[in-house]
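Structure, as structure tokens:
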Amino acid sequence: MLMLRDPNGLARALVFLLAANIAVDLPLAAVDLYTLSLDYTAAGAPDDPFEAAAEIGLMLPVYGLAILLFLATIVVFIVWFHRTRLNAGVWAPDLQSRGAGWAIGGWFVPLVWFWIPRGIAADIWRSSRPEPYAADRSGELTVVNVWWALWVASNLAARLSGRLEEWAETVDEALTATWWSLAGTGLDIAAAVFAILFVRRVTSMQNAKANGMIPAA
């Protein structure tokens, strides 16, 4: 007999990690804002925004913590995502556009990650609601779509910022990289907020549905 997997513990850990990512992103955004506010033509000013950020001292440890939190969040999210996909397959197997393995592998295949995880997320959402086969209500998938759009945009902005930083040879070019870094951080904060909404809503729907159907493992 197919059994449901309990996503509640993972969901709580995931919400905590996402909130921690937001908390760490805020000082990173503050560093970018500070470096953008400086007058680099003034006497005694740093040579460029990267030097200004390094002088703050907070940048390196916070950046290292941000990387660790990001990696931990990715691991927990993918485990939660796979578990909720398995549950979705119990309730509505014919609604799943991809096999459960894609809930993990879809995040690591180049280019494919732009759309496959979003499709799986929508399948999970539909399968977890009280009536899986009902037509989508107007705006029902807004949380999924906004979260995904913000997630993709934040990753693209961060990658562009990193490239621009590598290529920067003038103050203006370094400032452009910093602007993109700030944009990426802001988008990452917004994506984390909607990810929390997505995780909480899906977990709540699955929990309510499981209590009325098959006991969770």
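The values are calculated or read from the model by the stated rules, or taken from the named source; none is laboratory data. As the structure is a computational prediction, the values presented were derived from the model and not from experiment. So basically every Cβ, Gly included, is an ideal-geometry build from the backbone, and we count neighbours across all protein chains shown.
Assorted remarks:
- Condition check for Thr35: part of a helix (DSSP H, G or I), polar (S, T, N, Q), modelled with pLDDT under 95 and touching a helix residue (DSSP H, G or I) at 6+ places or on another chain (Cβ under 6 Å): yes
- Yes/no for Tyr40 being more than 14 Å from the chain's Cα centre (by Cα), assigned to a helix (DSSP H, G or I) and surrounded by fewer than 18 Cβ atoms within 10 Å (Cβ to Cβ): no
- Among residues of the range 75-86 that are more than 22 Å from Arg129 (Cβ to Cβ), none has a beta-carbon under 8 Å from a residue that is acidic (Asp, Glu) and in a helix (DSSP H, G or I) at least six positions away or on a different chain.
- Residue-level check: of (1) surrounded by fewer than 16 Cβ atoms within 10 Å (Cβ to Cβ); (2) more than 26 Å from Leu26 (Cβ to Cβ), Ser127 misses just (1).
- Any hit, the range 168-180, residues being under 28 Å from Ala66 (Cβ atoms), surrounded by fewer than 20 Cβ atoms within 10 Å (Cβ to Cβ), modelled with pLDDT of 95 or more and among the hydrophobic types (A, V, I, L, M, F, W, C): yes
- Note on the range 92-187: enclosed helices (runs of 4 or more DSSP H) holding 2 or more residues that are over 24 Å from Phe77 (Cα atoms) are 142-167.
- Once the range 20-37 is narrowed to residues that are in contact (Cβ under 8 Å) with a residue 60 or more places away in the chain and loosely packed, with under 14 Cβ neighbours inside 10 Å, the residue that is farthest from Trp179 (Cα to Cα) is Leu26.
- Against the test of being more than 30 Å from Glu166 (Cβ to Cβ) and under 17 Å from the mean Cα position of the chain (by Cα), the options Phe77, Phe108, Phe114, Phe16 yield a single qualifying residue, Phe16.
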